[in-house]
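One structure is given here, and the rest of the page talks about it.
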Amino acid sequence: PFSLLRLRLQFPIARQLLFNISIMPFLRATQIIAFAAKKKKGIKTISFKLVSTAGTGFFYTMRKNPSKSPEKMAAVKYDPVVRQRVLFTETKMK
């Protein structure tokens, strides 16, 4: 149970959203708080694919923060097409 006053004090961007509530009447107070928190922090993750080096075309999708781990990721994971654990390397999402 968040009061609107507390919401305005914690997240200044939530105040702008509350003034625009007539545009977005379907948002609840908790959704506004979550949206304001995301805006405040900023999303810094990128999505990428881990593609199998066995050549089967099987891939996993993952997310990472590039500022904390700028190097390309490689991992040994299970490939169900060849039914073995193989090396997966990072490639861009298209």
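The values are calculated or read from the model by the stated rules, or taken from the named source; none is laboratory data. Bear in mind that the values here come from a model prediction, so they are computed numbers and not experimental data. Accessible surface is based on the protein model in full, side chains and every heavy atom, while ligands, DNA and RNA are left aside. Shrake-Rupley method; radii C 1.70, N 1.55, O 1.52, S 1.80 Å.
A few points about this structure:
- Sole exception among (1) open to solvent by less than 60 Å² (accessible area, probe 1.4 Å); (2) within 23 Å of the chain's Cα centre (by Cα) for K68, by number: (1)
- Among the candidates V51, V76, residue that is assigned to a strand (DSSP E or B), over 18 Å from K94 (Cα atoms) and at pLDDT 85 or above: V76
- Only one entry in V86, V82 is among the hydrophobic types (A, V, I, L, M, F, W, C), at pLDDT 95 or above and assigned to a loop (DSSP other than H, G, I, E, B), namely V82.
- Subset of region 71-94 (residues that are open to solvent by less than 60 Å² (accessible area, probe 1.4 Å) and acidic (D, E)): D79, E90
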